[in-house]
Amino acid sequence: MQGLTTSGLMPKSIDGPGVTSLFSTGKVGFLLDGEWQIPTYAGSSLKFDVIPVPHIFGPKPVAYADSHALVLPRNAEMDDQRRGTALDFVRSLIGSSVIWAKGGHIPAWLPVQNSAEFRAMRPQANYTEAARTAQYDPPAWYSGAGSQLQNLLGAAIATSQTGSARPAQAVREMRKQLDKLAAAKPPVG
């Protein structure tokens, strides 16, 4: 990863708005980012497409995944009308998931994913195979998108990318942070 910056292929130090500027003005050849960024570029004159990250490691393709979830209370005392209202609400959200697709997400409900309306959406329909190869983080209170794990490991990786630390130093820092997180008491029992 450090070779990407030391070779000049990537800037050594850049923030989110800088990345957006470089990509939207066509000054970089590709961008490895989340599909939620599609609306950022869809409104520009930039011609672009989105595909899953090519399969490089392991025996089968996988796509790092995160997802939204609806949590319904388990309550034996809830009356049928309230339960029905809650389920109708969930059904309406799922049935309207083409709206999420406009934000870049792949609809999880197959009737929407297979609908003519979604299949016509570009570039969204071009990367639906990523949903079939989704791989989630193992269960841990400190993992997931925007998590402490992502922040701490990302900071260690950044020191290597900018050249302020050797790759071996970055790996040591990542292991140190992982050890701390794994040993920490979960905030919720």
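Observations on the structure shown:
- Residue that is farthest from the chain's Cα centre (by Cα), among those in the stretch 100-113 that are closer than 19 Å to P61 by Cβ and either among the small types (G, A, S) or open to solvent by 40 Å² or more (accessible area, probe 1.4 Å) (or both): A108
- Members of the stretch 156-176 found to be of a type in the set (K, R) and under 12 Å from T6 (Cα atoms), listed by number: R166
- Any hit, the stretch 40-49, residues being among the β-branched types (V, I, T) and at pLDDT below 85: no
- Residue within the stretch 78-88 that is without any contact (Cβ under 8 Å) to a residue 60 or more places away in the chain, of a type outside the set (D, E, K, R) and at positive phi present: no
- Search result, residues across the stretch 114-142 that are in a helix (DSSP H, G or I) and open to solvent by 40 Å² or more (accessible area, probe 1.4 Å): A116, E117, R119, N126, E129, A131, R132
- Exactly one residue out of I56, I38 is hydrophobic (A, V, I, L, M, F, W, C) and closer than 16 Å to A134 by Cα: that is I56.
- The lone exception for S164 - which of (1) in a loop (DSSP other than H, G, I, E, B); (2) out of contact with any helix residue (DSSP H, G or I) (no Cβ under 8 Å at 6 or more places or on another chain); (3) open to solvent by less than 50 Å² (accessible area, probe 1.4 Å) it fails: (3)
- Identity of the residue in the stretch 1-58, assigned to a loop (DSSP other than H, G, I, E, B) and either among the acidic types (D, E) or touching a strand residue (DSSP E or B) at 6+ places or on another chain (Cβ under 9 Å) (or both), that ends up least open to solvent (accessible area, probe 1.4 Å): P52
- Total residues in the stretch 143-154, condition open to solvent by less than 60 Å² (accessible area, probe 1.4 Å) and in contact with a helix residue (DSSP H, G or I) (Cβ under 9 Å, 6 or more places away or on another chain): 5
- Checked against (1) under 25 Å from L4 (Cα atoms); (2) loosely packed, with under 11 Cβ neighbours inside 10 Å, V71 meets all criteria but (1).
The values are calculated or read from the model by the stated rules, or taken from the named source; none is laboratory data. These numbers come from a predicted model, not from an experiment. Heads up, the Cβs are rebuilt from the backbone with ideal geometry, glycines too, and the neighbour counts pull from every protein chain shown. What goes into the accessible areas is simple: the full protein's heavy atoms, side chains included, and nothing from ligands, DNA or RNA. Shrake-Rupley method; radii C 1.70, N 1.55, O 1.52, S 1.80 Å.
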